[in-house]
Amino acid sequence: MASRVAIVCLLGTALAMAACDKPSPRNEQAEVASSDEVAATAAPKVDKIDRSHKGERAPDVAFTPAAGGAATSLAAFKGKPVLVNLWATWCAPCVKEMPTLDAAAATLGETLPVLAISQDMEPAKATAFLAERKFAHLRPFLDPKLGLSTGYGANLPTTILYGPDGKEIWRVTGDMDWTGAEAKKLLAEAA
């Protein structure tokens with residue numbers, strides 16, 4: 001009897017997940033918006049700058065360099081500030097902000113390393129994405145078990161600034177122009 005209940009639950013879950021992939025029906029009578037209106041409503045914005053975790057240490061989760069090598073954790077970066085960006089290739093806001101994140105990393109240099117930690121479950125997709133885009137200033141890492149996004153309870157993209165003491169200063173949920181004035185002001189808090 002228990003195995004029948006488990007099978008029914010699994011089938012119900014599979015059917016529910018399959019429905020998530022179906023596009024919602026279109027209203028053929030809907031008014032067509034201008035391209036400016038579409039851009040304004042479709043463009044993801046920074047959801048918030050969250051300081052409620054200030055002073056917390058990072059989750060003790062291992063991740064690996066995208067180029068290969070030994071696993072590491074955020075504790076290994078203690079002693080200097082670090083900017084952690086959780087992203088994935090399937091996340092449109094993540095992909096949108098990556099060029100500005102790379103440009104910011106170029107100006108920050110070694111004073112504030114930018115760790116781009118992929119939350120893709122298929123590491124090959126993330127490494128191919130990074131190779132194709134040729135981001136030269138980000139430090140790419142892989143977290144295919146989603147340990148960090150799960151540990152933070154984060155939606156993607158999420159970017160977190162840690163101080164030299166290894167404690168969180170703030171986090172941003174949603175995409176951001178990391179070369180803009182607001183981002184520069186936030187990044188200045190790394191000192």
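Going highest first, how would you order 164-171, 71-78, 153-160 by mean Cβ packing within 10 Å? Intermediate values should be presented prior to the final figure.
Details: 164-171: 17.0, 71-78: 15.1, 153-160: 20.0.
In descending order of packing, they fall as 153-160, 164-171, 71-78.
Let me know the shape class of the range 131-191, please: from the alpha-carbon gyration tensor, a ≥ b ≥ c as square roots of the eigenvalues, rounded when a/c is under 1.5, otherwise prolate if a/b is greater than b/c, or oblate. If you can, show how the numbers build up before the last one.
On the way: a/c = 1.58, a/b = 1.13, b/c = 1.40.
Judged from the Cα gyration tensor, the range 131-191 comes out oblate (a/c at least 1.5, b/c at or above a/b).
Distance cut-off 25 Å, Cα to Cα: go down the list Lys48/Lys96; Lys125/Lys145; Lys96/Lys185; Lys96/Lys184; Lys48/Lys125; Lys54/Lys78 and report the pairs above it.
Working: Lys48/Lys96 17 Å; Lys125/Lys145 14 Å; Lys96/Lys185 21 Å; Lys96/Lys184 18 Å; Lys48/Lys125 28 Å; Lys54/Lys78 16 Å.
Exceeds cut-off: Lys48/Lys125.
For a quick protection proxy, order the peptides 81-87, 91-97 by their average other-Cβ count within 10 Å, most packed first.
Values: 81-87: 24.1, 91-97: 19.4.
The most tightly packed comes first, giving 81-87, 91-97.
The numbers here are math on the coordinates, done by the rules we state, and not lab data. If you're wondering where the values come from, they're calculated on a predicted model, not measured in any experiment. In this analysis, Cβ positions are derived from the backbone assuming ideal geometry, glycine residues included, and neighbour counts consider all displayed protein chains.
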